[in-house]
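Input: a single structure, listed below in structure tokens.
Here, each number is a calculation from the coordinates, and none is a lab measurement. The structure displayed is predicted, hence computed values, not measured ones. We place every Cβ from the backbone using ideal geometry, glycine too, and count neighbours over all the protein chains shown.
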Amino acid sequence: MKKLLSILIIGVMLLSMTLMNSTAVVAPYFYGEVNEDYDINILDATEIQLYLSGLKELSPLRVELADVDGDLDVSVLDATLIQMYSAKIVERIDRSPNYLYTMLELKRVGANFDSGKAMAGVPVTFKPYAYAFSEVAEPEYKLEILEGSVADVGTVLQGDVMNYTFDTAGVYLMELTAYNKFSEVEKYSFEYEVVDKVSDELIVSALYVNNMYLDERSRASFTAHAYGGEAPYEYRFEDAQGHELQDYSADNKCVLHSDGYYPRIVVKVKDANGNVAVSQPYSYDVYDTWA
């Protein structure tokens, strides 16, 4: 029975998100399928020859699929290997792995301040998470602040870690896009609330998990942030019964295997003066989705 963890956030919801369009390719391409017809034959070798002679342009995906020997270069040797395979002189394209997934899965965007705890004038660090089904399909990210509570903002941030300071309080419409060089795109939008000020007392400003969904082979990485009090901070992660998952340390991340299901995660933060702040529980349930 395969299990899927569907994240149900209680109390400490980082961001209100709506999953948007997905154009991900599910089936893999095999190296040598240069014309993307899911077959390796002499036509693919011809594509490479035309490309090398300057008579034809190839998309980034087709350039990648043409590199059948894996030397990070498209050459006559790649066309020759395809011809030999097509003529059954060789039994296979000897590249490992010999297939390519271009698919992306957007997981989540985290921040060092939960929505509603971010403050005007204080920098916010956003950290997006996506999963690429191939090392060569690693995603890049774009975060757009589309509009605020008063007027359109129109700010575009890019990178794996993005910093932005909101000048005024309000509710902002944000849209995160993950994309790779093979034109695969996933995006979703969410609202992010900024307030004028929160207490100067020690608080857990954020607690979030890297994945929206986890299967039985996944690991959940929980990240916590603190604000106020006196830095430096130490973090302790506990389960629903208060059992230690990770004792107090400067490490604000806790990695859990999903085969040990913890229905509730709590983080305690201690500052340099010994003051302790406790997060609201971050909860998720386990559902059987298919046999």
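Observations on the structure shown:
- Reference-scaled alpha-carbon Rg (2.2 N^0.38 Å with N residues) for the stretch 29-100: 0.95
- Order of LEU146, LEU81 under a 10 Å beta carbon neighbour criterion, fewest first: LEU146, LEU81
- Partner lysines for LYS197 [C-alpha distance under 20 Å; skip if fewer than 8 residues away on the same chain]: LYS117
- Cross-link reach is defined here as a Cα-Cα straight distance under 14 Å, omitting same-chain residues fewer than 8 places apart; for LYS142 the aspartates and glutamates meeting it are ASP160, GLU175, GLU184, GLU186.
- Exposure proxy shown here: for TYR172, TYR179, TYR192, the number of other Cβ atoms within 10 Å sets the order, fewest to most, as TYR179, TYR172, TYR192.
- Seen from every direction in turn and averaged, the convex hull around the alpha carbons of the stretch 105-150 projects onto 4.3 nm².
- Checking the cross-link pairs LYS88/LYS181; LYS56/LYS187; LYS187/LYS270; LYS107/LYS268 against a 29 Å limit on the alpha carbon distance flags LYS88/LYS181; LYS56/LYS187; LYS187/LYS270 as lying beyond it.
- In terms of surrounding Cβ atoms within a 10 Å radius of their Cβ, LYS142, LYS253 rank from fewest to most as LYS253, LYS142.
- Where labels lie 7 Å past Cα in the beta-carbon direction, separation of LEU146 and VAL195 in nm: 2.6
- Under 10 Å, Cβ to Cβ, from MET119 - net charge with Lys/Arg +1 and Asp/Glu -1: +1
- Net charge dipole size for the stretch 29-100 [Lys, Arg +1 and Asp, Glu -1 on Cβ; Debye, nearest 20]: 140
- Between ALA272 and GLU91, the simple spin-label model (points 7 angstrom out along Cα→Cβ) gives 6.7 nm.
- Protection proxy ranking of 264-272, 107-115, 57-65 - average other beta-carbon atoms within 10 Å, highest first: 107-115, 264-272, 57-65
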